[in-house]
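Report on one structure; see the data block that follows.
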Amino acid sequence: MKHYKTLIFDLDGTLSISKAPLSSEMAEIFSKASQICNLAVITGGMFNQIEKQVIGHLTSDAVLSNIFILPTSGSEMRLYNSESKEWEVVYSEKLSDEQTTRIIAALKNALEKSSFKIGEDEILGEQIEDRESQITFSALGQKQNPESKAAWDPDGVKRREMMGNLTDLEDEFDVKFGGSTSIDITLKGIDKEFGVNEFLKQTGFDIRDSLFVGDKIIPCGNDWAATKTGIDTRSTTGPDETMHIIVDNLKNHQ
């Protein structure tokens, strides 16, 4: 494996299990890597979710100025200002109130039309979440446990059926798989291809020295769009393999 100066990661299923914080081992390795490499996290979640899962668990020797956050599928970018000690917004592609209302209504209608049913007792947390630059449908709710999520739609059949009922959104929006139970809807052209390209444009980092790591680098997977940038990619089976990828890259730097 060659040495990469910039590593870009998906979050759920890649750096951590769904909606869970980094493990202590991952937090230590990620923090160490930030001393040597540029690190970016791109995910469907909002910034506050990334704070809970990643930033809040880094060790004290992490170099925050080398870490870049790309929430809601890269529709936003934040970097750390060491003077103000704030994560400042570099850009943000937000949905209008009218667009948000249209998407939420379409999701509710598509769910009603679907052949499968989800009982209220199966849902934990918000099922439809307004993330400002993205609307996310999480079938079992944002706070449902990872095991239940993994078992609900492992082959994607249920979500494909729902997406088939959302064709009236295709004129203005991109509708794609999110995590294990979710559908993400953004403005057309806003996906991880956009996010990776915009990140590299904003920072000036060389794509030839950059690697994208994700657990869904497959057609229809939520990491597939990143491959369209031409960036090198590595597929991972989960956080344990991702740690090995990071460690290997650090070894190659020595």
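The values are calculated or read from the model by the stated rules, or taken from the named source; none is laboratory data. Owing to the predicted nature of the structure, the values given are computational and were not obtained by experimental measurement. Heads up, the Cβs are rebuilt from the backbone with ideal geometry, glycines too, and the neighbour counts pull from every protein chain shown.
Listed by first and then second residue, the pairs with beta-carbon distance under 7 Å, at least 6 apart or on different chains, first residue in the stretch 81-95 and farther than 18 Å from E51 by Cα, second part of a loop (DSSP other than H, G, I, E, B), are E93/S75; E93/S133; E93/I190; K94/E132; K94/S133; L95/E132; L95/S133. For the stretch 225-254, the candidate set comprises residues that are closer than 23 Å to D191 by Cβ and touching a Lys or Arg at 6+ places or on another chain (Cβ under 7 Å); within that set, the residue that is surrounded by the fewest Cβ atoms within 10 Å (Cβ to Cβ) is I245. For the condition modelled with pLDDT under 95 and not β-branched (V, I, T), D191 qualifies. Screening K94 against (1) more than 28 Å from R208 (Cα to Cα); (2) at pLDDT 95 or above; (3) surrounded by fewer than 20 Cβ atoms within 10 Å (Cβ to Cβ) leaves a single unmet condition, (2). Annotation: T100 fulfils all but one of (1) within 23 Å of P219 (Cβ to Cβ); (2) surrounded by fewer than 20 Cβ atoms within 10 Å (Cβ to Cβ); (3) polar (S, T, N, Q); the unmet one is (1).
Being in contact (Cβ under 8 Å) with a residue 60 or more places away in the chain, of a type in the set (D, E) and over 19 Å from V54 (Cβ atoms) is a condition met by no residue of the stretch 102-114.
Taking every residue in the stretch 237-253 that is within 12 Å of K32 (Cβ to Cβ) and pairing it with any residue that is of a type in the set (A, V, I, L, M) and part of a helix (DSSP H, G or I), at least 6 positions away or on another chain, the pairs with Cβ-Cβ distances below 7 Å are M243/M26; M243/I29; I246/I29; I246/A33; V247/I29; L250/A33.
In the set (1) surrounded by 23 or more Cβ atoms within 10 Å (Cβ to Cβ); (2) out of contact with any Pro (no Cβ under 8 Å at 6 or more places or on another chain); (3) β-branched (V, I, T), the condition left unmet by V54 is number (2).
Among the residues of the stretch 115-129, the ones that are of a type outside the set (K, R) and surrounded by fewer than 16 Cβ atoms within 10 Å (Cβ to Cβ) come to 9 in all.
Scanning the stretch 1-46 for residues being at pLDDT 95 or above, charged (D, E, K, R) and touching a strand residue (DSSP E or B) at 6+ places or on another chain (Cβ under 9 Å) gives a total of 2.
I need the strands (runs of 3 or more DSSP E) fully contained in the stretch 149-254, keeping only those with at least 2 residues that are under 20 Å from T100 (Cβ atoms) and not assigned by TED's automatic domain parsing to the domain that holds I69.
Once the strands (runs of 3 or more DSSP E) in the stretch 149-254 are filtered for at least 2 residues that are under 20 Å from T100 (Cβ atoms) and not assigned by TED's automatic domain parsing to the domain that holds I69, what remains is 173-177, 182-187.
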